[in-house]
Amino acid sequence: VGRPTVFVRFGGCNLRCPGWPCDTPHAIDPAFRKEWKLQEPEQVWEEIAEVAGRRETPDYTVCFTGGEPFLQQHRDLERLVELLKSQGNSIECFSNGTLLYPDWTFGLVQFIMDWKLPGSGEWSETANLVRLKNLELLARGSTIKFTIASREDYEFAKDIYNQYIIHGLYDYTVHYGVVWGQLANAKLIKWVLEDELPWYFNMQIHNVVWVRSQRGI
Ligand code: SF4
C-alpha cells in the first residue's frame, strides 16, 4: 500500500467466490474472454515497462493477480519473473492458495495468499490442505490475507491463525480486511484490537482513491 504498482491481471480463476461479487469479473468471467490477450512473457514484460513509463530504476512493484496467476503455464510465469528480476523489480503475487506454488518462486516472489473463509462461498477442507502445503513454501515476509464478511468468518480466521500460522516456522504477516459493503471497518478493527491480534488492517486502497473497480487506472 502506498507504493506505485503495476498490476498484471491474469485471465481465469478456478474459484468463483459466490459469497460476494468478485471485484474482477473481467478476469474470471468467460463473457469477457474476447478482451483477454494471449501474450508471451516477453510481451507482458514490455507492456509492464510501457505502463510504468519506462523508468531507468524500477521504483515500482509488479503485482501478479487475476483471476489466479498460477493457472498460467508455470514455465511462462518463471520466464516473466526472470525478466523482471533481471531489472531489479520487486514482485508480489496475490493468489487464492489452492494451487501448489512451485519451488522456483521461493525467495523471488512475495506472496499474499488469500485464505478463503466460509463467507466467500469457497471455503473447503481440500483447499485448506493445499494452503497448508503452500505455507511451507512461502518465503519469509510473505503474507496471509483474511477477507472477512461476518463474525463467523472472523472466528474461522482466528482458528486458522491459532492452529497453523502463529506456530509456523516463518514469520508470516497477517493482513485482514472486510468484504466490501458487508462489514463495517470499525467493527472488525474493534474485534481484532479486543483480541490483541498482531494483524495488519488492509483495505482495497484503489477502491477508495478511484471509483470502485474502475479499470485502466
Ligand atoms: S478467488 Fe479472487 S479472482 Fe477468483 S473468484 Fe474469488 S475473488 Fe474473484
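The values are calculated or read from the model by the stated rules, or taken from the named source; none is laboratory data. Predicted, not measured: the structure shown is a model, and the values here were computed from it. In this analysis, Cβ positions are derived from the backbone assuming ideal geometry, glycine residues included, and neighbour counts consider all displayed protein chains.
For the reader, a short list of remarks on this structure follows.
- Within segment 30-53, the set of residues being among the hydrophobic types (A, V, I, L, M, F, W, C), in contact (Cβ under 8 Å) with a residue 40 or more places away in the chain and surrounded by fewer than 16 Cβ atoms within 10 Å (Cβ to Cβ) comprises just one member, V51.
- Cβ-Cβ distances below 8 Å connect the following pairs, each with a first residue in segment 160-178 that is at pLDDT below 90, a second residue that is of a type in the set (F, W, Y) and assigned to a loop (DSSP other than H, G, I, E, B), and a separation of six or more residues or different chains: I165/Y172.
- C63, sole failed condition from (1) assigned to a loop (DSSP other than H, G, I, E, B); (2) under 24 Å from G2 (Cβ atoms); (3) of a type outside the set (D, E, K, R); (4) within 16 Å of the ligand (Cβ to nearest atom): (1)
- Test: residue in segment 30-50 that is among the small types (G, A, S), within 10 Å of the ligand (Cβ to nearest atom) and either modelled with pLDDT under 90 or out of contact with any helix residue (DSSP H, G or I) (no Cβ under 7 Å at 6 or more places or on another chain) (or both): no
- Segment 98-121, subset within 12 Å of the ligand (Cβ to nearest atom) and over 15 Å from the mean Cα position of the chain (by Cα), residue farthest from W180 (Cα to Cα): G121
- In segment 8-29, the residues that are more than 14 Å from S120 (Cα to Cα) and assigned to a helix (DSSP H, G or I) form Cβ pairs under 6 Å with partners that are more than 6 Å from the ligand (Cβ to nearest atom) and at pLDDT 90 or above, at six or more places apart or across chains, as follows: H26/F32; A27/R9; A27/G11.
- All conditions but one from (1) on the phi > 0 side of the Ramachandran plot; (2) modelled with pLDDT of 95 or more apply to E68; the one that does not is (1).
- Residues in segment 73-97 that are among the hydrophobic types (A, V, I, L, M, F, W, C) and within 18 Å of the chain's Cα centre (by Cα) were compared, and the one that is farthest from E136 (Cα to Cα) is L80.
- Taken over segment 66-83, the criterion of being more than 16 Å from the ligand (Cβ to nearest atom) and among the charged types (D, E, K, R) is satisfied by R75, D76, E78, R79, E82.
- Residues located in segment 49-58, provided they are in a helix (DSSP H, G or I), of a type in the set (A, V, I, L, M) and farther than 11 Å from N89 by Cα: V51
- W180 meets the conditions (1) in contact with a strand residue (DSSP E or B) (Cβ under 8 Å, 6 or more places away or on another chain); (2) closer than 24 Å to G2 by Cβ; (3) surrounded by 15 or more Cβ atoms within 10 Å (Cβ to Cβ) in every case but one. The failed one is (1).
- With respect to the conditions (1) touching a helix residue (DSSP H, G or I) at 6+ places or on another chain (Cβ under 9 Å); (2) polar (S, T, N, Q); (3) assigned to a helix (DSSP H, G or I), Q163 lacks only one, and its number is (1).
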